[in-house]
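Before I ask anything, here is the structure I am working with.
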């Protein structure tokens, strides 16, 4: 019984932290991230949820977010700037409970930085023009589509239907 409870606890912790993996190809570190506006300015512009995710680098719960199960055609733009970041053509069901993409629409609009928070080493995806957190990228995506999984937070994006 104790082993079952321990196993459930470990699985629950992994799911709660979400999007955890290791990828050693970052070119920057999270500590070097510079926001284009002050936290106070972003607080005025963003909703509380957007602020928590994008400024505080939060993570929304899996399967309880706006876009993990969205199958409509369109584009996903930054909740902060309205810049097109991802396309439904590049979205796939990763089974993680977060919207996942094989690539960004324009790789020059996102930047990958090393994230060593919570005792893990991951690659964080930030919006290049703002320095705001979007999610993480891992090397466990579909091999036939480049092998990347951009695991994004719905709260950092807005969907525009085609």
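The values are calculated or read from the model by the stated rules, or taken from the named source; none is laboratory data. Fair warning: this is a prediction, and the values are worked out from it, not measured in the lab. Here Cβ is always computed from backbone atoms with ideal geometry, including for glycine, and neighbour counts include all displayed protein chains.
Only one of 131, 97, 135 is closer than 19 Å to residue 76 by Cα, outside any loop (DSSP other than H, G, I, E, B) and in contact (Cβ under 8 Å) with a residue 12 or more places away in the chain. Can you tell me which? I'd like the intermediate steps shown before the answer.
On the way: 131 fails: outside any loop (DSSP other than H, G, I, E, B); 97 fails: outside any loop (DSSP other than H, G, I, E, B).
Only one candidate passes the filter, namely 135.
I've got another one for you. For segment 108-126, which residues satisfy the criterion of being touching a residue at least 60 places away in the same chain (Cβ under 8 Å) and either in contact with a strand residue (DSSP E or B) (Cβ under 8 Å, 6 or more places away or on another chain) or assigned to a strand (DSSP E or B) (or both)?
111, 112, 113, 114, 115, 116, 121, 122, 123, 124, 126
Looking at 131, 97, 155 in this structure, which one is crowded, with 21+ Cβ neighbours inside 10 Å and under 14 Å from the mean Cα position of the chain (by Cα)? Before you say what the answer is, go through the steps one by one.
Numbers: 131 fails: crowded, with 21+ Cβ neighbours inside 10 Å; 97 fails: crowded, with 21+ Cβ neighbours inside 10 Å.
Criteria check complete, one pass: 155.
Is it the case that some residue within segment 37-54 is in contact with a strand residue (DSSP E or B) (Cβ under 7 Å, 6 or more places away or on another chain) and either closer than 19 Å to residue 145 by Cβ or at pLDDT below 95 (or both)? Don't jump to the end; show me each part of the working.
First pass over segment 37-54, keeping only residues in contact with a strand residue (DSSP E or B) (Cβ under 7 Å, 6 or more places away or on another chain): 53-54.
After this cut, where a residue has to be either closer than 19 Å to residue 145 by Cβ or at pLDDT below 95 (or both) as well, the list is none.
Within segment 37-54, none of the residues are in contact with a strand residue (DSSP E or B) (Cβ under 7 Å, 6 or more places away or on another chain) and either closer than 19 Å to residue 145 by Cβ or at pLDDT below 95 (or both).
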